[in-house]
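Q: Dumping the structure here so I can ask a few things about it.
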Amino acid sequence: MSVINLQNVSVDLPVFEMGGRSLKKRLAGLGRRNRIAEDSDGVVVVRALDDLNLSLQEGDRVGLIGRNGAGKSTLLRVLAGIYPPTSGQIYTSGRIVPLLDISLGMDELSTGRQNVRLRGLLLGMSDAEIRRKTEEISAFTELGDHLDLPLRTYSSGMRLRLAFAVSTAVDADILLLDEVIGVGDASFMKKAEERMLDLHNRAKIVVLASHGHEVIRQMCNKVLWMDRGRIRAFGEVDVIITTYIAEQMSVSVPSS
Ligand SMILES: Nc1ncnc2c1ncn2[C@@H]1O[C@H](COP(=O)(O)OP(=O)(O)OP(=O)(O)O)[C@@H](O)[C@H]1O
């Protein structure tokens with residue numbers, strides 16, 4: 001049974017380079033509305049997530065929307081276990097696969113095939129699972145003999161093919177996606193989209209952050225609207241997207 005439960009989750013991200021006293025004072029003086037404050041150790045922090053309560057069940061395909069800086073990527077990182085919450089509790093059950101940075105863990109000096117293993121291990125695949133899937137992954141990349149050459153000899157499109165093929169070969173219970181991943185040339189794009197859809201359909205819970213409302217309408221059955229680190233609304237796709245768009249058209253103050 002796959003679930004995600006967040007109780008009163010807040011995340012403060014420290015701004016380490018902000019050492020100057022006067023600058024600290026000025027920013028801290030902006031107050032909570034701007035989500036910049038000083039913590040108890042005197043470190044300037046941005047409150048990226050502010051007291052989130054959320055419960056997701058199997059079958060939920062959640063589109064994350066919100067203005068720049070609203071907290072979408074931070075929420076995905078917290079769900080992926082990359083950022084620990086500063087306060088509050090997170091409970092998840094099921095294999096979580098974050099496709100947030102698909103090239104993470106790949107090594108320039110290792111061959112394509114070796115990188116399939118490295119990236120696979122990082123995504124939580126077992127050695128046996130990687131061995132079982134290596135041929136299929138290799139075929140999907142269409143990189144042929146290049147798979148035996150080091151990654152440093154690959155073009156950027158070839159790197160993406162390899163990273164995408166291995167990252168989407170994993171079986172996810174909970175799939176976390178940040179925007180739609182660009183995957184090289186047009187011929188590869190079509191089969192990449194099909195593979196992505198298949199992965200999405202097999203996952204029990206999906207959380208997808210996107211500024212593309214059409215993508216969310218097609219792929220999601222719920223929407224979570226983030227606003228300044230808080231949940232503004234959670235529920236029916238069309239209703240929330242329509243309200244969100246109407247508000248964006250009527251308000252044009254800069255986000256903070
Ligand atoms: N490394 C960081 N250090 C300090 N503050 C950060 C860091 N990363 C993000 N933030 C802050 O956290 C808040 C949430 O940012 P986040 O990246 O989660 O927003 P987002 O909704 O994904 O935005 P976008 O649509 O622009 O990608 C913002 O106020 C941002 O300034």
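The values are calculated or read from the model by the stated rules, or taken from the named source; none is laboratory data. It should be emphasised that the depicted structure is a prediction, and the values quoted were computed from it without experimental measurement. When we count neighbours, we look across all protein chains shown, and the Cβ atoms used for this are built from the backbone with ideal geometry, even at glycine. The area values use the complete protein model at the heavy-atom level, side chains included, leaving out ligands, DNA and RNA. Shrake-Rupley method; radii C 1.70, N 1.55, O 1.52, S 1.80 Å.
Q: Counting only residues that are in contact with a Gly (Cβ under 7 Å, 6 or more places away or on another chain) and either closer than 22 Å to Val251 by Cβ or without any contact (Cβ under 8 Å) to a residue 40 or more places away in the chain (or both), how many does the stretch 203-223 have?
A: Final tally of qualifying residues: 3.
Residues are listed down the side, and each one gets a yes or a no for (1) closer than 13 Å to Thr111 by Cβ; (2) buried (at least 19 other Cβ atoms within 10 Å of the Cβ):
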| position | (1), (2) |
| --- | --- |
| Thr141 | yes, yes |
| Asp145 | yes, no |
| Pro150 | yes, no |
| Leu160 | no, yes |
| Ile174 | no, yes |
| Ala186 | no, no |
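Q: Still on this structure, I have one more. Take Ser2 and tell me if it is more than 9 Å from the ligand (Cβ to nearest atom), open to solvent by less than 20 Å² (accessible area, probe 1.4 Å) and modelled with pLDDT under 95.
A: Taking the combined requirement at face value, the residue satisfies it.
Q: Same structure, new question: Restricting to the stretch 34-72, count the residues that are polar (S, T, N, Q), modelled with pLDDT under 90 and within 15 Å of the ligand (Cβ to nearest atom). It would help to see each step written out before you state the result.
A: In the first step, residues of the stretch 34-72 are kept if they are polar (S, T, N, Q); the result is 34, 40, 53, 55, 57, 68.
Subset that is modelled with pLDDT under 90: 34, 40.
With within 15 Å of the ligand (Cβ to nearest atom) added as a condition, the list becomes 34.
So the answer is 1.
Q: Got at least one residue in the stretch 244-254 being assigned by the TED database to the domain that holds Arg77, within 16 Å of the ligand (Cβ to nearest atom) and touching a strand residue (DSSP E or B) at 6+ places or on another chain (Cβ under 7 Å)?
A: Looking for residues that are assigned by the TED database to the domain that holds Arg77, within 16 Å of the ligand (Cβ to nearest atom) and touching a strand residue (DSSP E or B) at 6+ places or on another chain (Cβ under 7 Å), one finds at least one in the stretch 244-254, hence yes.
Q: Determine if the stretch 211-226 includes at least one residue that is among the polar types (S, T, N, Q) and either in the same structural domain as Glu136 (by the TED database) or open to solvent by less than 50 Å² (accessible area, probe 1.4 Å) (or both).
A: Looking for residues that are among the polar types (S, T, N, Q) and either in the same structural domain as Glu136 (by the TED database) or open to solvent by less than 50 Å² (accessible area, probe 1.4 Å) (or both), one finds none in the stretch 211-226, hence no.
The rows are residues; the columns are (1) within 18 Å of the chain's Cα centre (by Cα); (2) not aliphatic (A, V, I, L, M).
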residue: Ile205; (1), (2): yes, no
residue: Gly212; (1), (2): yes, yes
residue: Ile216; (1), (2): yes, no
residue: Val223; (1), (2): yes, no
residue: Met226; (1), (2): yes, no
residue: Ile231; (1), (2): yes, no
residue: Thr243; (1), (2): no, yes
residue: Ala246; (1), (2): no, no
residue: Val251; (1), (2): no, no
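Q: Give the stretch 227-247 a look and list any residue that's open to solvent by 60 Å² or more (accessible area, probe 1.4 Å) and touching a residue at least 60 places away in the same chain (Cβ under 8 Å), or say none.
A: Scanning the stretch 227-247 gives Arg228, Arg230, Arg232, Phe234.
Q: Collect the residues in the stretch 186-232 that are farther than 21 Å from Ser2 by Cα, away from the ligand (no atom under 16 Å from the Cβ) and of a type in the set (Gly, Ala, Ser), keeping them in residue-number order. First the steps, then the outcome.
A: Here is the first cut: in the stretch 186-232, the residues farther than 21 Å from Ser2 by Cα are 186-195, 210-218, 225-232.
Okay, now just the ones that are also away from the ligand (no atom under 16 Å from the Cβ), so 186-195, 214, 217-218.
Scanning the stretch 186-232 gives Ala186, Ser187, Ala192.
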